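The values are calculated or read from the model by the stated rules, or taken from the named source; none is laboratory data. All values derive from a computational prediction rather than experimental measurement. All Cβ positions, even for glycine, are placed from backbone atoms using ideal geometry, and neighbour counts span all protein chains on display. SASA here: full protein model, heavy atoms, side chains in, ligands and nucleic acids out. Shrake-Rupley method; radii C 1.70, N 1.55, O 1.52, S 1.80 Å.
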Amino acid sequence: MDAIEKLLAGNRAWAKQRVAEDPQYFRHLAELQRPEYLWIGCSDSRVAANVITGTQPGEVFVQRNIANLVVDTDLNLFSVLEYAVKVLEVRHVIVCGHYGCGGVKAAMTRESLGLIDKWLYSIKDVYRLHRAELDDLAGEARVDRLVELNVREQVVNLTKTAIIQSAWKHHRRPHLHGWVYGLTDGLMKPLVTLPPGSPVDEVFAYDNV
Ligand code: CO
């Protein structure tokens with residue numbers, strides 16, 4: 001079986017199994033999308049949102065990019081965020097990084113890698129903000145600490161947006177979470193939770209949202 005046929009065969013087997021367990025499965029799922037979570041994760045194939053959280057189709061709205069960044073010029077991510085918060089009314093937004101992240105490692109090198117330099121730029125800024133702590137570490141420990149600091153920084157980036165500030169003010173949702181996933185043990189480490197109304201850096205706070 002070739003690589004593409006493997007996917008299609010896998011799909012047929014999966015659909016058949018779902019219907020065997022619950023004849024109404026797809027009818028129910030097709031009627032409504034009402035996920036409680038927005039997931040902002042890394043594109044890494046090993047960090048599959050539904051699989052590693054034991055959730056099903058319909059439960060998690062997903063946006064993934066290299067190194068799980070929240071970049072203010074990313075129209076794609078901000079469209080997803082606005083739709084998730086305003087229309088789907090998600091109760092939780094999770095930024096999920098992972099130890100050993102290739103994007104974070106690449107941002108720590110002094111090598112120009114082409115177009116992706118632009119994408120990794122903001123991780124270099126995270127490094128700069130925490131240079132004193134990071135320079136004291138070496139090897140994987142330094143990468144893994146930057147992975148954690150990067151996740152925290154992306155959660156903070158969410159608080160800078162009018163989308164989140166408005167939802168916090170008018171609807172008292174969503175909670176923002178920063179997690180790091182361990183590739184070697186499959187376990188999630190929660191790092192930070194910001195409930196609605198958490199402090200927003202003064203220069204980013206909007207009065208008229
Ligand atoms: Co990654």
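Assorted remarks:
- Restricting attention to the range 37-54, the residues being more than 16 Å from the ligand (Cβ to nearest atom) and surrounded by fewer than 10 Cβ atoms within 10 Å (Cβ to Cβ) number 1.
- Yes/no for Pro57 being at pLDDT below 95 and open to solvent by 30 Å² or more (accessible area, probe 1.4 Å): yes
- Which listed residue is more than 18 Å from Cys42 (Cβ to Cβ) and without any contact (Cβ under 8 Å) to a residue 40 or more places away in the chain, from Asp136, Asp185: Asp136
- Hits in the range 60-70 (condition: over 19 Å from Pro196 (Cβ atoms), open to solvent by less than 40 Å² (accessible area, probe 1.4 Å) and within 15 Å of the ligand (Cβ to nearest atom)): Gln63, Asn65, Ala67, Asn68, Leu69
- Considering residues of the range 87-122 that are more than 20 Å from Ser45 (Cα to Cα) and touching a helix residue (DSSP H, G or I) at 6+ places or on another chain (Cβ under 7 Å) only, the residue nearest to the ligand (Cβ to nearest atom): Met108
- On inspection, Leu129 does not qualify as open to solvent by 10 Å² or more (accessible area, probe 1.4 Å) and modelled with pLDDT under 95.
- Filter pass, Ala84 being among the aliphatic types (A, V, I, L, M), loosely packed, with under 14 Cβ neighbours inside 10 Å, part of a helix (DSSP H, G or I) and away from the ligand (no atom under 16 Å from the Cβ): no
- When we screen Arg34, Arg12, Arg27 for residues that are assigned to a loop (DSSP other than H, G, I, E, B) and away from the ligand (no atom under 16 Å from the Cβ), the only hit is Arg34.
- Neighbours by Cβ (under 6 Å, 6+ apart or cross-chain): first from the range 162-178, in contact (Cβ under 8 Å) with a residue 40 or more places away in the chain; second of a type in the set (Asp, Glu): Ile163/Glu82
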